[in-house]
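The values are calculated or read from the model by the stated rules, or taken from the named source; none is laboratory data. Bear in mind the structure is a predicted one, so any value in this text is a computation, not a measurement. Neighbour counts run over all protein chains shown; Cβ positions are idealised from the backbone, glycine included. These accessible areas exclude ligands, DNA and RNA; they are computed on the full protein's heavy atoms, side chains included. Shrake-Rupley method; radii C 1.70, N 1.55, O 1.52, S 1.80 Å.
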Amino acid sequence: MDSQLRKLVEDRYSQKEFLKTLLELALAEQWFDLQHVVQHDMAKAILADYSYEAGKDYLDPKIFYDHWEEVIEIGWQIFCKHTNISREHVRIKLSQLHETI
């Protein structure tokens with residue numbers, strides 16, 4: 001991941017209001033919504049903006065697939081640091097969520 005994308009990812013996932021909303025979802029045990037926001041809504045928005053700024057198609061498939069997982073992982077890391085919820089706890093909650101679906 002280049003430094004421009006990393007900065008964009010860190011800036012977006014670190015927005016105070018965004019993190020506040022994520023914490024509220026976690027406290028309310030809304031893990032489906034929390035996962036969706038972190039892994040889909042924000043990640044896609046970041047990659048779409050990055051693609052566009054790079055002069056590629058909106059949400060360029062190569063950029064998307066090359067960076068999707070890294071972007072999501074940084075998002076979870078920032079969430080965990082902000083909330084003091086361990087990454088392992090997040091993994092457990094997401095696994096439980098997937099088991100019920």
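Observations
- One way to sum up the overall shape of segment 1-42 is the equivalent ellipsoid from its Cα gyration tensor, whose semi-axes run 22, 11, 6 Å, largest first.
- Taking all Cα pairs closer than 8 Å and separated by 6 or more residues, the relative contact order of the chain comes to 33 percent.
- If R0 is 30 Å, the Cβ-Cβ spacing of Glu24 and Asp49 corresponds to a FRET efficiency of close to 0.75.
- Among Leu22, Leu59, Leu47: highest mean-square fluctuation, GNM of the chain, C-alpha pairs under 10 Å: Leu59
- 0 to 90° range, to nearest 10: angle between helix 43-53 axis and the chain longest Cα axis: 10 degrees
- Assuming charge only on the beta carbon of Lys and Arg (+1) and of Asp and Glu (-1), the dipole of segment 1-91 about its Cα centre is about 200 debye to the nearest 20.
- Only protein atoms count toward the accessible area here, which uses a 1.4 Å probe; on the chain, the carbon and sulfur part of that area reaches 51 percent.
- 1.4 Å probe accessible area per residue over the chain, in Å²: 63 Å²
- Checking (i) 69, 26, 18; (ii) 31, 29, 26; (iii) 40, 29, 19 against the coordinates, the calculated Cα extents along the principal axes in Å falls under label (iii).
- Inter-probe distance in nm under a simple model that places probes 7 Å from Cα toward Cβ, at Thr100 and Glu88: 2.3 nm
- Taken over the chain, lysine pairs spaced eight or more positions apart, or on distinct chains, with alpha carbons under 21 Å apart number 14.
- Each residue of segment 81-96 is assigned a 3J(HN,Hα), and the resulting list reads 5, 5, 9, 6, 8, 5, 4, 5, 4, 4, 4, 4, 4, 5, 5, 4 Hz, derived from the Karplus form 6.51 cos²θ - 1.76 cosθ + 1.60 (θ = phi - 60°), x at Gly and Pro.
- Glu69/Lys16 FRET efficiency (R0 25 Å; Cβ-Cβ; nearest 0.05): 0.45
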